[in-house]
1. Please list, in order along the range 43-52, the HN-Hα scalar couplings obtained from phi with the Karplus expression 6.51 cos²θ - 1.76 cosθ + 1.60 (θ = phi - 60°), rounded to whole Hz, x for Gly and Pro.
2. For the pair residue 119/residue 54, report the inter-label distance in nm, with labels modelled 7 Å from Cα in the Cβ direction.
3. Set the Förster distance to 35 Å, then compute FRET efficiency between residue 94 and residue 2 from the Cβ-Cβ distance, nearest 0.05.
4. Quick check on packing: order 25-36, 42-53 by the mean number of other C-beta atoms within 10 Å, highest mean leading.
5. What is the set of long-range amide H partners of residue 50 at a cut-off below 5 Å, with H atoms built 1.01 Å from backbone N?
6. What are the residues whose amide H is under 5 Å from the amide H of residue 44, where those residues sit 5 or more places off or on another chain and H is modelled from the backbone?
7. Rg/Rh for the range 1-49: what does it come to with C-alpha atoms and Rh from Kirkwood?
Amino acid sequence: MDGREWRDFVDGLRESWRLLWWDRIDDKLKAEGIANKNYDLLFVDQGTVIVATRNYAPPSFKVILERHAEEKQPGWVVVPDPMRGGWGKFARDVINGQKRFTRHGRPVPSQPRKKRQQLKKNGKGWLHYRMK
């Protein structure tokens with residue numbers, strides 16, 4: 001599949017995605033949205049719950065696109081979702097967490113470490129009490 005055919009396929013997939021959300025049946029009693037017909041390209045059957053409350057993950061367009069890309073475009077890469085991780089998360093977690101060194105080696109601390117002060121009352125603190 002060449003670039004033009006793939007782009008047309010993705011545009012058709014987007015149109016099906018838009019129709020799925022536009023034509024859904026909203027069940028106010030159960031607080032969920034249901035697909036009203038089969039969408040074979042989106043892997044959704046009639047009666048499938050597509051939106052609900054509490055701990056429900058609705059179908060993701062990127063996941064559907066990745067499934068089609070595995071079949072039709074073997075070398076094509078989909079940019080990962082930021083929630084799962086991607087280049088930005090890799091940069092924040094790995095690259096920004098590394099210590100930076102100069103050509104001359106480790107950086108020298110600019111100020112000497114402060115000495116700890118001598119403890120008051122042999123480390124017992126400021127408590128004053130008398131034992132009888």
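None of the figures in this text is laboratory data; all of them are computed from the coordinates on show. Here the structure is a predicted model, which is why all the values come from computation and not from measurement. Cβ coordinates were reconstructed from backbone atoms using ideal geometry, including for glycine residues, and neighbour counts include every protein chain displayed.
1. Couplings: 6, 10, 9, 5, x, 6, 6, 10, 8, 8 Hz.
2. Here the answer is 5.3 nm between the modelled labels.
3. The value I calculate is 0.45.
4. 42-53, 25-36
5. 33, 34, 35
6. The answer is 39.
7. Taking Rg over the Kirkwood Rh, I get 1.13.
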